[in-house]
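Below you'll find the structure, written out as structure tokens, and then a few comments.
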Amino acid sequence: MRLLTLLLVPAALLAGPSRFARLGEFQGQVEVQLTAADPWMPAERNLPLTESAWLRTGAGARLEIELDDGGAWRLGPDSLGEISDYTRLSTGQRITLLSLDHGTAYYTGQPHGKDVTMLVMPGAQATVLQGSRVRQTAQPGWSQVAVLEGQVRFSSPAAELDIREGATARVEPATPSRFVLEPDRC
């Protein structure tokens, strides 16, 4: 028992206070799964969302998630996304990982201090470097990141580079050694 206590104390010291996002405006059929063991349930405005919450939209539906750092993540029709990591370290640093399984999502926000915000989709991820608006698209066979404003660090198995406003990066997860960068296309 003493050994277990010694192992758990450092983990407790590294964890900061819990973080909560909230489900803002939504239209149409929107469902939420708060943890993997929970059933899908209809969305409710102002519902607190924590790490591991899944959200899905039906045809013609949309939703907005308000993040505790002032950012927002919006899912379009026929989309499935997860708040994969939503941690505050004991230093106060916030780690935000938003995963899009399929569909279209828009992120608007700005990292503060040493905070980290990452947008993930099949085959690629984008780390927000400054105040940005980013569109993520994940479809069967391809994923795309379009930087509408600001700058992100794009990462895939084939490349890691900073992309700026107006640029779009596209990957095909089945062909990880390839990516396409279109500098003036959003």
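The values are calculated or read from the model by the stated rules, or taken from the named source; none is laboratory data. It should be emphasised that the depicted structure is a prediction, and the values quoted were computed from it without experimental measurement. In this analysis, Cβ positions are derived from the backbone assuming ideal geometry, glycine residues included, and neighbour counts consider all displayed protein chains. Only protein heavy atoms, including side chains, enter the accessible area calculation; ligands, DNA and RNA are left aside. Shrake-Rupley method; radii C 1.70, N 1.55, O 1.52, S 1.80 Å.
Condition test on T87, is it surrounded by 19 or more Cβ atoms within 10 Å (Cβ to Cβ) and in a strand (DSSP E or B)? Walk me through it before giving the result.
Values: surrounded by 19 or more Cβ atoms within 10 Å (Cβ to Cβ): no; in a strand (DSSP E or B): yes.
Against the criterion (surrounded by 19 or more Cβ atoms within 10 Å (Cβ to Cβ) and in a strand (DSSP E or B)), T87 does not qualify.
Could you check the stretch 28-58 and list, in sequence order, the residues that are closer than 17 Å to Y106 by Cα and open to solvent by 50 Å² or more (accessible area, probe 1.4 Å)?
Those that are closer than 17 Å to Y106 by Cα and open to solvent by 50 Å² or more (accessible area, probe 1.4 Å): W54, R56.
Name the single residue, out of those in the stretch 152-186 being assigned to a loop (DSSP other than H, G, I, E, B) and in contact with an Asp or Glu (Cβ under 7 Å, 6 or more places away or on another chain), that is nearest to P140 (Cα to Cα). Quick ask: steps written out before the conclusion?
Taking the stretch 152-186 first, the residues assigned to a loop (DSSP other than H, G, I, E, B) are 156-159, 165-167, 172-178, 183-186.
Next, only the ones that are in contact with an Asp or Glu (Cβ under 7 Å, 6 or more places away or on another chain) stay: 165-167, 178.
On the way: E165: 26, G166: 24, A167: 22, R178: 16 Å.
Selected residue: R178.
Determine if the stretch 36-43 includes at least one residue that is at pLDDT below 95 and charged (D, E, K, R).
Yes, because at least one residue in the stretch 36-43 is at pLDDT below 95 and charged (D, E, K, R).
Can you give me the number of residues within the stretch 18-70 that are in a loop (DSSP other than H, G, I, E, B) and of a type in the set (A, V, I, L, M)?
Keep residues of the stretch 18-70 that are in a loop (DSSP other than H, G, I, E, B), which gives 18-20, 28-29, 34-40, 43-47, 50-53, 58-61, 67-70.
Now drop any that are not of a type in the set (A, V, I, L, M), which leaves 34, 36-37, 43, 47, 53, 59, 61, 67.
The number of residues fulfilling the criteria is 9.
May I ask you to list the residues in the stretch 166-180 that are touching a residue at least 24 places away in the same chain (Cβ under 8 Å) and not small (G, A, S)?
The initial filter retains those residues of the stretch 166-180 that are touching a residue at least 24 places away in the same chain (Cβ under 8 Å), namely 168-174, 176, 179.
Of everything in the stretch 166-180, those that are touching a residue at least 24 places away in the same chain (Cβ under 8 Å) and not small (G, A, S) turn out to be T168, R170, V171, E172, P173, P176, F179.
Taking the condition assigned to a strand (DSSP E or B), within 26 Å of E31 (Cβ to Cβ) and either in contact (Cβ under 8 Å) with a residue 40 or more places away in the chain or of a type in the set (F, W, Y) (or both), does T137 pass? If you could, list the steps in order and put the result at the bottom.
Values: assigned to a strand (DSSP E or B): yes; within 26 Å of E31 (Cβ to Cβ): yes; either in contact (Cβ under 8 Å) with a residue 40 or more places away in the chain or of a type in the set (F, W, Y) (or both): no.
No: the conditions fail for T137.
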